[in-house]
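Scroll down for the structure; my scribbles are underneath it.
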Amino acid sequence: MILTNKSNSDVYVVPPKFSLLFSPSPPHPVYHGTSYPLDMAHRIVSQVVVTGARVFGRAFAEAYKQAQASGKYAAQKKASGGSLTTSSLTLDEACKILNVKPPASGEHNLEHVMGRFKKLFDLNNPEKGGSFYLQSKILRARERLEMEFREAERKAAHDKELKEGWNPKVYKDK
């Protein structure tokens, strides 16, 4: 390929391997008012769909793994005798929050606990300048003590039934 300079009429010889660098570019085709051919649009749309499916698939797989792990944790916790309550409040902490004595073996005073709960819950009302955090702690403490009392009552009824034997209640029609 031979190039000439119009200003000083110099002639340059370009070796064949560099001729593509100096050749004029072909005119760009116009595709009926669009800048990309229709094939490119299909390719882009399919790439977006495939990429979205990949991302969704990975997210679904990760969520499934987390759900399985959570289920295994719950099963282990249940098998070990732990409770799956939302609060991890111990019985001792609940008694300290409500300022009551821990229930002794077989005896508990639910009325005293409810009286302390109502008093402390009303004192910590956020509308009266109290703390919502403290109010929620008081509520969780009452729930924990109620759970303990229900469990003690259930155990006492079970022990009584074992001691006396099973005595079904029979209802007769009149």
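The values are calculated or read from the model by the stated rules, or taken from the named source; none is laboratory data. Because the structure is a prediction, the values reported are computed rather than measured. Backbone-built Cβ (ideal geometry, glycine too); neighbour counts: all protein chains shown. Calculation scope for accessible area: heavy atoms of the full protein, side chains included, ligands and nucleic acids excluded. Shrake-Rupley method; radii C 1.70, N 1.55, O 1.52, S 1.80 Å.
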| said: I'm told Val170 meets every condition in (1) among the aliphatic types (A, V, I, L, M); (2) surrounded by 10 or more Cβ atoms within 10 Å (Cβ to Cβ); (3) more than 18 Å from His108 (Cα to Cα) except one. Can you identify the failing condition by its number? | reply: (2)
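Among the residues of segment 59-82, are any surrounded by 11 or more Cβ atoms within 10 Å (Cβ to Cβ), modelled with pLDDT of 80 or more and farther than 16 Å from Glu146 by Cβ? Steps first, please.
Step one: filter segment 59-82 for residues surrounded by 11 or more Cβ atoms within 10 Å (Cβ to Cβ), giving 73-74, 77-78, 82.
Pick out the ones that are also modelled with pLDDT of 80 or more and you get 73-74.
Checking the rest, the ones that are also farther than 16 Å from Glu146 by Cβ come to 73-74.
There is at least one residue in segment 59-82 that is surrounded by 11 or more Cβ atoms within 10 Å (Cβ to Cβ), modelled with pLDDT of 80 or more and farther than 16 Å from Glu146 by Cβ.
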| said: Quick check on my filter: what residues within segment 106-132 are over 16 Å from Lys96 (Cβ atoms), part of a helix (DSSP H, G or I) and open to solvent by 100 Å² or more (accessible area, probe 1.4 Å)? | reply: Glu111, Lys118, Leu123, Glu127, Lys128, Phe132
